[in-house]
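Chemist: Please find one structure pasted underneath; my questions will follow.
The values are calculated or read from the model by the stated rules, or taken from the named source; none is laboratory data. All values derive from a computational prediction rather than experimental measurement. Neighbour counts are summed over all protein chains in view; Cβ atoms, including those assigned to glycine, are modelled from backbone coordinates with ideal geometry.
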């Protein structure tokens, strides 16, 4: 009987050790799972910030550059009519937000390229008279009041 009791105590001790080991493994897995969840949340937050930044740039470019200069709103050379980006009003659907952000980035790239080409063409035409007015005999200093006056004059010419 004593032998049986010792055998049972030995088994209980082994199973207790196994239980402690399993508890330890369970805790390690729970900690790893929590760490992975935190990393995923951080990644989603970062992606969301990127998507929202792209949307903000798209809106500013559309409203303050494309519309006033009457540049075509098409999103790209090979785009279809339903592939045009729109300002995002809801970021709840990750996949849709990512797709729209990609279209917005293509739009931004195309418009910046167009503005770069426009600047190359218009730059020399505007630069010479502006430089003459800015420097007013002194090549090294720029009077910002003259810049302001020049811009006001140009705006008045456009309004006429």
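Chemist: Going by the conditions given, is residue 24 out of contact with any helix residue (DSSP H, G or I) (no Cβ under 7 Å at 6 or more places or on another chain), surrounded by 10 or more Cβ atoms within 10 Å (Cβ to Cβ) and closer than 23 Å to residue 96 by Cα? Please lay out each step first, then the result.
Modeler: Details: out of contact with any helix residue (DSSP H, G or I) (no Cβ under 7 Å at 6 or more places or on another chain): yes; surrounded by 10 or more Cβ atoms within 10 Å (Cβ to Cβ): yes; closer than 23 Å to residue 96 by Cα: no.
Against the criterion (out of contact with any helix residue (DSSP H, G or I) (no Cβ under 7 Å at 6 or more places or on another chain), surrounded by 10 or more Cβ atoms within 10 Å (Cβ to Cβ) and closer than 23 Å to residue 96 by Cα), residue 24 does not qualify.
Chemist: Now a separate question. Answer yes if at least one residue in region 40-61 is surrounded by 13 or more Cβ atoms within 10 Å (Cβ to Cβ) and more than 12 Å from the chain's Cα centre (by Cα), and no otherwise.
Modeler: Checked region 40-61: at least one residue is surrounded by 13 or more Cβ atoms within 10 Å (Cβ to Cβ) and more than 12 Å from the chain's Cα centre (by Cα).
Chemist: Let me ask something else. All but one of (1) modelled with pLDDT of 75 or more; (2) surrounded by 11 or more Cβ atoms within 10 Å (Cβ to Cβ); (3) under 15 Å from residue 51 (Cα atoms) hold for residue 95, so report the exception by its number.
Modeler: Of everything listed in (1) modelled with pLDDT of 75 or more; (2) surrounded by 11 or more Cβ atoms within 10 Å (Cβ to Cβ); (3) under 15 Å from residue 51 (Cα atoms), residue 95 misses just condition (2).
Chemist: Something else: Being at pLDDT 75 or above and in a helix (DSSP H, G or I), is that true of even one residue in region 66-81? Outline the logic, then answer.
Modeler: Residues of region 66-81 at pLDDT 75 or above: none.
So far as region 66-81 goes, no, none of its residues is at pLDDT 75 or above and in a helix (DSSP H, G or I).
Chemist: Please verify whether residue 56 is at pLDDT 80 or above, within 30 Å of residue 153 (Cβ to Cβ) and not in a loop (DSSP other than H, G, I, E, B), treating the condition exactly as stated. Let's see the steps before the verdict.
Modeler: On the way: at pLDDT 80 or above: yes; within 30 Å of residue 153 (Cβ to Cβ): no; not in a loop (DSSP other than H, G, I, E, B): yes.
Criteria not met by residue 56.
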